[in-house]
Amino acid sequence: MRVGVYVLLIVAGMFLFSRLLLIFGSLLASAVGVFLAALAANALVLRIFDRAHLTAIGLAWNPASVRNLLVGWRAALARLASF
């Protein structure tokens, strides 16, 4: 049952978020729509079945995650500057 609810939420979220983000272009709508659908589905399934938060599966902001995010942004900007 959990997998069925998860798949239903993913499909509904992908449809909803991709439609809402189409004003920004199809590439952004595809990429960000899938990410937001997965994030929302994970959060809802955790709350429905386990009464847990996203931090229970490791999705928490802490100094290490902020550092990793900044490293990724710097690498992307360096790659973009090399064109």
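Sequence gap at least 6, Cα distance under 8 Å: using those rules, report the relative contact order of the chain to the nearest whole percent.
Averaging sequence separation for qualifying contacts and normalising by length gives 24 percent for the chain.
Using 1/(1 + (r/R0)^6) with R0 = 35 angstrom and r between the beta carbons of Leu16 and Ala56, what's the FRET efficiency to the nearest 0.05?
So, using R0 = 35 Å, E works out to roughly 0.90.
In whole Hz, what ³J(HN,Hα) sequence does the range 8-23 give by Karplus (6.51, -1.76, 1.60; θ = phi - 60°), x for Gly and Pro?
4, 5, 5, 5, 5, x, 5, 5, 5, 5, 5, 5, 5, 8, 4, 5
A short reminder: the numbers here are calculations on the coordinates, not readings from a lab. In this text, all values refer to a predicted model and were calculated from it rather than measured experimentally. Glycine also receives a Cβ, built like all others from the backbone with ideal geometry; neighbour counts cover every protein chain displayed.
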